[in-house]
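These notes concern the structure reproduced below.
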Amino acid sequence: MEANESQQEPRPSHDPNVDQESLQQSSDAKKKKGGWITFPFLGAAMFGLGIARGGATSNLVVYLVEKYNVPRVDAAQISSIALGCLSLAPVGGAIVADAFFGCYPVVAVSMVFSVLSLVVFTLTASFPGLRPAACQQLSAAAAGQCAPATAGQMAVLYAGVFLLCVSAGGARFNQATLGASQFDAAADRDVLFNWYFVFFNASSVVGYTAIVYLQDTVSWALGYGVSGAASFVGLVALVAGTPYYRRPPPQGSPFTALARVAVAAARKWKVNPAAASEGFGFYHGPRNSDTEGDASDSTTLDHPSDSFSFLNRAALITDGGVVAAADGSVARPWRVCTVQEVEDFKTLLRIMPLWSASIVLSVALGTQINFTVLQALAMDRALGGSFTVPASSVIIVILVSIVVAIGIFDRAVLPLCRRLTAGRRFPTPLQRIGAGHVLAIVSLAASAAVEHRRMATVHAHGEEDHPRWVSPLSAMWLVLPLVLAGAGEALYFPGGVMLYYEEFPASLKNTSTGIVAVIIALGFYLSTALVGVVRRTTAWLPNNMNASRLDNLYWLLAVLLAVNFLYYLICAKLYRYQNVGK
């Protein structure tokens, strides 16, 4: 599915004047940090944050409707905005960690914000003055009306949502980066990323079941309080592991360097990149005063790679680009960049097509989840004759299947593959993402088949004009497509995180995991846009599910995903690994 790695000749970097003994001591100190001893602390922090997020958001629509007297449509819109912010915020948190503070401080402070957010939610549930009067407490003259929440009451609630977004922004994907930075071996990082998604989805299951049960049947204050306690335990665990963590320093703003590459290449667009062989030469960074001409920049490349060669002119030394001084410092940094900065920019260009292929996957998954709930509402959800499964609870099948699939993959499939391939890394991240694509397509086809069977029962009973009629077909038929969807997600999301983390430049390690959040957010919003287009251009999705052609929507998504898979295969075939396997 992918081609071999590209190879370049390294520049020699050994300096005989460096104190080798001090370097060895520094290396030994580094080896004492990190490793699997950090995993219990980080795992507890991941699980605690996940419960906090699930406890605050899984039942937010119901909380707004029942306790804040918000109309249902408005409550759904508020919840959608909040979830969108929670999905996009990690990008900002990753950039802050990369550029200014490093990963660990950002995660630790964000965990504090998580605790504070649940404190605010618990206070709103505990003190009646922070909520509007309940509808049944109004006078008889006002029967049928509900007092709206005041601006101050909504401000307190929104403050809790804001704190939750800040905590998700700083901790959600930075936790994965912090965990990965504790390991040197790619195999260990693979296992860590697998467990990250296990903790994330397992904590979501707890939020959607146990926390929602407490909120609905015991009290909202207790449900939010338990979520806050879990978040606090996660914070304590994170801090307790501080002596054991590796804490890579921030690299400075990576986006400034990337912008400089684009500007420098544009300003020298008339310069022939081949001019390096005619006396110009490439810039490698300032020189140390105690060396004999070797650049101290992190790059070990004599010259830029041949791909995207139009960018190579950004690293060409021209008149006025570099100070004529012994250290070779830059006089005009927006006219010349280092070779490494140029190569970092190329890395992003190479990986963006693969990243874009994941957007359609996210759109399909978001649409499938939403309409599976509507399918469940129109099917027999009784279990054992005495218990009816809530329609929204069928989504738990996806979360559970993700956890089980990752567990099987990590404990059985990966060890078997390593034995069969003599320790070679198999499957690679690109192969894992591709397998997830295939399962997602099969899942959509299964959803279409189930919907076709449901509509057959509607036609057999002649109930097309009765929107409240429930098919005798068991909702358990939905389990198969949801299990397939969860298994696919267990492959392509962890595979994507592995790929981005290993292939992104060192200065963008936190951002590399954060861009997964962009995929999720785009899928969340674009699925809504896709459904809107389908409703305006077809008659497939009327308000009456018993007169719909939902199976056509599923088949449309399956075809789109199949075309997208071909696009992904082309991108994967053309892609050359830069770091995976090294």
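The values are calculated or read from the model by the stated rules, or taken from the named source; none is laboratory data. Model, not experiment: these values are computed from the prediction. Methodologically, a virtual Cβ is constructed for each residue, glycine included, from the backbone with ideal geometry; neighbour enumeration extends over all protein chains shown. Remember, those area values only see protein heavy atoms, side chains included, never the ligands or the DNA or RNA. Shrake-Rupley method; radii C 1.70, N 1.55, O 1.52, S 1.80 Å.
Rolling a 1.4 Å probe across all protein chains gives F310 an accessible area of roughly 110 Å².
Under 5 Å between amide hydrogens, built in the peptide plane, is the criterion, and for C146 it picks out nothing among residues at least 5 positions away or on other chains. The calculated Kirkwood hydrodynamic radius for the stretch 509-582 is 15.4 Å, given to one decimal from all distinct C-alpha pairs. Along the stretch 376-382 the Karplus relation, 6.51 cos²θ - 1.76 cosθ + 1.60 evaluated at θ = phi - 60°, assigns HN-Hα couplings of 4, 4, 9, 10, 6, 9, 6 Hz to successive residues, with x for each Gly and Pro. Solvent-accessible area per residue in the stretch 459-582 equals 44 Å², computed with a 1.4 angstrom probe and all protein chains kept. Taking amide H as placed 1.01 Å from N in the peptide plane, the amide H of L473 sits under 5 Å from that of D380, each at least 5 places away or on another chain. Each principal axis of the Cα atoms in the stretch 345-581 has its own extent, and those three values, largest first, are 60, 40, 27 angstrom. What distance in nm lies between label points placed 7 Å from Cα along the C-beta direction at A159 and A506? That separation, rounded to one decimal, is 4.4 nm.
With Cα atoms defining each centre, the stretch 346-368 and the stretch 162-204 are spaced 20 Å apart in the structure. The string of couplings for the stretch 437-454 from the Karplus curve (6.51, -1.76, 1.60, θ = phi - 60°) is 4, 4, 5, 5, 5, 4, 4, 5, 5, 5, 4, 5, 5, 5, 5, 4, 5, 5 Hz, one whole number per residue in order, with x for Gly and Pro. Along the stretch 342-351 the Karplus relation, 6.51 cos²θ - 1.76 cosθ + 1.60 evaluated at θ = phi - 60°, assigns HN-Hα couplings of 5, 5, 5, 4, 5, 4, 5, 4, 5, 8 Hz to successive residues, with x for each Gly and Pro.
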